[in-house]
Amino acid sequence: MKVPKRIQPLVDDGLVDEVLSQLMSGKEATVYTVRTGDTIRCAKVYKEANKRSFKKAAQYQEGRKSRNSRRARAMEKGSKFGRSQQEDAWQNAEVDALYKLAVAGVRVPEPFGCFDGVLLMELITDENGDVSPRLNDISMSAEQAIEDHDVMMVYIMRMLCAGIVHGDLSEFNVLVDEYGPVIIDLPQAVDASANNNAKAMLVRDVMNMTTYYSQYAPELLNTRYADEMWALYEKGELTPETQLTGKFKENTNAADVDNVIEEIKAAFEEEQARIERMQWADSDQSE
């Protein structure tokens, strides 16, 4: 196929030999399959800020600090240079998260670098060498759902131990190969200790995964992994080796009305986001 304009510099520099096809187009990026030598990889081309439909980006960028003081000041002022630096930070967040999570024992695609808004990374395939399906596109037994849900809870826990919350985790951001789930799409990953929305996002990530797997194993709805993880994390007791139980004892103190209201708002926003994700998925399949 014709080489997209954003990928042409990678072809010129010998990082990509051929663009094979468009894999998908989403709210924040378009992904292509490309050939590098004898290897087939992904090239994720990030959309420009004014073309992205990802909502409430500011919530995700909270806590992301530039090590360069000049860049940090520019980002705070919102100057043209500052907006450019914010874009770089948005794109590099995924690369940084991928490297950190691989070290932390979370299955993610291997990154090969981000070049002018194009992330080159591993293509996840099935046993036949075809592109692996998203979790949303497969069905499974109750036993498999429980097993994979356990795996996802461990991955989310390891992410939290590494100081990262995915922030947009759902059945549309998980691929499944012969070895199990692989987490993708991390440009919105947040710093668990520096972002005030981290707990709410963790709760939402866990809820999305549990709700999906519960259609095959309804008993999963009775688990409380997010509350258990966050409570241990706040106390400094969460480690990659922690054996989660899925159980959590509620504080017997009077409910915090503000927190209850925020949880209701978060649930409503997640339902709206779920509808949008389904619309994007339908759009991908129709292209």
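Is one or more of the residues making up segment 85-94 among the acidic types (Asp, Glu), modelled with pLDDT under 95, part of a loop (DSSP other than H, G, I, E, B) and closer than 23 Å to GLU171 by Cα? Show your work before the answer.
Applying the first criterion (among the acidic types (Asp, Glu)) to segment 85-94 yields 87-88, 94.
Filter once more, so that each one left must be modelled with pLDDT under 95: 87-88, 94.
This time we only want the ones that are part of a loop (DSSP other than H, G, I, E, B), so: none.
No - not one qualifying residue is present in segment 85-94.
Any residue in segment 172-190 that is part of a loop (DSSP other than H, G, I, E, B), of a type in the set (Gly, Ala, Ser), surrounded by 20 or more Cβ atoms within 10 Å (Cβ to Cβ) and modelled with pLDDT of 95 or more? It would help to see each step written out before you state the result.
In the first step, residues of segment 172-190 are kept if they are part of a loop (DSSP other than H, G, I, E, B); the result is 172-173, 178-179, 184-189.
Subsequent filtering for residues that are of a type in the set (Gly, Ala, Ser) retains 189.
Filter once more, so that each one left must be surrounded by 20 or more Cβ atoms within 10 Å (Cβ to Cβ): 189.
So of that shortlist, the ones also modelled with pLDDT of 95 or more come out as none.
Looking through segment 172-190, none of the residues is part of a loop (DSSP other than H, G, I, E, B), of a type in the set (Gly, Ala, Ser), surrounded by 20 or more Cβ atoms within 10 Å (Cβ to Cβ) and modelled with pLDDT of 95 or more.
Being surrounded by 11 or more Cβ atoms within 10 Å (Cβ to Cβ), closer than 18 Å to GLU147 by Cα and at pLDDT 70 or above is true for just one of ALA273, ALA217. Which residue is that?
Criteria check complete, one pass: ALA217.
Just to be sure, is MET153 touching a strand residue (DSSP E or B) at 6+ places or on another chain (Cβ under 9 Å), crowded, with 16+ Cβ neighbours inside 10 Å and under 24 Å from TRP230 (Cβ atoms)?
Values: touching a strand residue (DSSP E or B) at 6+ places or on another chain (Cβ under 9 Å): no; crowded, with 16+ Cβ neighbours inside 10 Å: yes; under 24 Å from TRP230 (Cβ atoms): yes.
No.
Say we look at segment 159-171 and pick out the residues that are out of contact with any strand residue (DSSP E or B) (no Cβ under 9 Å at 6 or more places or on another chain) and under 13 Å from LYS100 (Cα atoms); which of these is surrounded by the most Cβ atoms within 10 Å (Cβ to Cβ)? Steps first, answer last, please.
To start, the set of residues in segment 159-171 that are out of contact with any strand residue (DSSP E or B) (no Cβ under 9 Å at 6 or more places or on another chain) comprises 160-162, 168, 170.
Checking which are under 13 Å from LYS100 (Cα atoms) leaves us with 160-162.
On the way: LEU160: 24, CYS161: 20, ALA162: 18.
The extreme case among them is LEU160.
Restricting to segment 217-246, and then to whatever is touching a His at 6+ places or on another chain (Cβ under 9 Å) and not in a helix (DSSP H, G or I), can you tell me which residue is farthest from GLU171 (Cα to Cα)?
It comes out as THR223.
Among what's in segment 1-44 and is small (Gly, Ala, Ser), modelled with pLDDT under 95 and over 17 Å from GLY113 (Cα atoms), pick the residue that is surrounded by the most Cβ atoms within 10 Å (Cβ to Cβ).
Residues of segment 1-44 that are small (Gly, Ala, Ser), as a first pass: 14, 21, 25-26, 29, 37, 43.
Those still in the list that are modelled with pLDDT under 95 too: 25-26, 29.
Now narrow it down to the ones that are over 17 Å from GLY113 (Cα atoms): 25-26.
Numbers: SER25: 16, GLY26: 20.
Only one residue fits best here, namely GLY26.
The values are calculated or read from the model by the stated rules, or taken from the named source; none is laboratory data. All of these numbers come straight from a predicted model, not from anything done at the bench. Note that each Cβ is placed from the backbone with ideal geometry, even for glycine, and that neighbours are counted across all protein chains shown.
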